[in-house]
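None of the figures in this text is laboratory data; all of them are computed from the coordinates on show. Model, not experiment: these values are computed from the prediction. With ideal geometry, Cβ positions are generated from the backbone for all residues, glycine too; neighbour counts draw on all protein chains shown.
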Amino acid sequence: MEAVTVTEYLKAWRDPRWVFGAVWLMFLASPLAAVLGSHSLSRPARWAGVTLLLAFALGYAAMCVHVMMPAMRGVRFPPARIAAWSLPLVAIAAGLIPILGQSVMGMGGYLMALIIFQFPPLTAAVLVLAMLGAVALLPEVVPGWSPDPSTTILLVTIGVVLLVTRTMQAREQDREAAVERRRALQEQLAVIAERERVARDVHDILGHSLTVMALKSELAARLVDEHPERAKAEIIELHTLSRAALSEVRATVGNLRAPDLRDELRSARTALDAAEIRAEVSEADDASDDTVPDDSSVLAWVLREAVTNVVRHSGAASCRIELGHNSIEIIDDGCGLRGGFGHGLRGLDERVRDAGGVLEVSSPGGPGTRVRASLP
């Protein structure tokens, strides 16, 4: 039996649930009364019988606390520990045979409890059937014993009740384990979704910022000889953009900041101007600063990704941005769509759908691309 501290031992006894298993000890009242009231037993035999019955009761109660209760919580012990608890009870029952005679078979129900609550269901069922077979067979072979249907029926009833109880508990444990697995899976999926969100945010931020910075650096390189002052201004702006991009990455990874739609409009103008693409921005009457929706950060992401794609891939001469209260539309006159969505547009579509909106990307009436996002 594995060692436990005194504190752990006493704490186990303070859990009142062990009483539900020990309640079967009330059936020891009958043999105890028979021993005390027997006129055929000597005084030493009676005291020995009482001592053994009390020892059996204490051993069984301790088994309820330290074996059956952990088993109900799904704990499984090695065979050595099971033997350490069961063999003393078997030895006590054997010691009671000269005193109780055939009535000692009624104590088999307590051993059934240990078997059923500690062994796997199939093994427990086999062992219980073996015990019931022994109860039916022993009166036929032991001199002086006779068949006792009442004891057999009692043990069968106890065995069936305990097996049904254990089966129900096993199913409940399986349900709890399934719930725990689902919870762990949901937590894992939440972690994956959060990682995807962070990756999407970082992609959107770096994709846009690095594109603008690349354009600024190329423009500065072209201007450095003929227009050094303009080149210097571009380099200063490039430095400002790099610091802003670093700040945005830190804020996004820390989930501290979402893009602001007004800031993105200004940034879009800067990016389009740097790419020498004419920018046109129009706002609907209901798109004033006071009526920008709570989900304007989603529209800001759409604007950022769409303008980044215009600057990178479209070869457009002009780009029009139309902003509504719950929508935004970006239209360019470039080369149009080529193939399916890339990583950026797929992430953008997920972001808009997560907000309950719809993202439409098309090339209406020839060249150029139209990106429209609308929120509920």
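When Arg351, Arg346, Arg304 are sorted by how many other C-beta atoms sit within 10 angstrom of their C-beta, beginning with the fewest, the order is Arg346, Arg351, Arg304.
Shown for Trp301, Trp24, Trp145: other C-beta atoms within 10 Å of each C-beta, ranked fewest to most, produce the order Trp145, Trp24, Trp301.
Put simply, the amide H of His227, placed in the peptide plane, has no neighbours under 5 Å, leaving out anything fewer than 5 places away on its chain.
Which of the peptides 312-322, 84-94, 35-45, 60-70 is most tightly packed, and how do the rest follow, judged by the mean count of other Cβ atoms within 10 Å per residue? Show your work: numbers first, answer last.
Working: 312-322: 18.1, 84-94: 15.7, 35-45: 11.3, 60-70: 20.3.
Descending packing order for the listed peptides: 60-70, 312-322, 84-94, 35-45.
Subtract the Cα-Cα distance of Val224 and Arg43 from 0.36 nm times their separation in residues, and report this length gain in nm to one decimal. Difference between extended and current length: 53.3 nm.
Specify whether the C-alpha gyration tensor of the stretch 6-147 places it in the rounded, prolate or oblate class, a ≥ b ≥ c being the square roots of the eigenvalues: rounded for a/c under 1.5, otherwise prolate if a/b is larger than b/c and oblate if not. Verdict is oblate for the stretch 6-147. Note on Ala317 and Glu196: with the Förster distance fixed at 35 Å, the Cβ-Cβ geometry gives a FRET efficiency of about 0.50.
Is the C-alpha gyration tensor of the stretch 296-358 telling us rounded, prolate or oblate? Criteria: a/c under 1.5 is rounded; beyond that, a/b larger than b/c is prolate, otherwise oblate. Oblate, since a/c reaches 1.5 and b/c is not below a/b.
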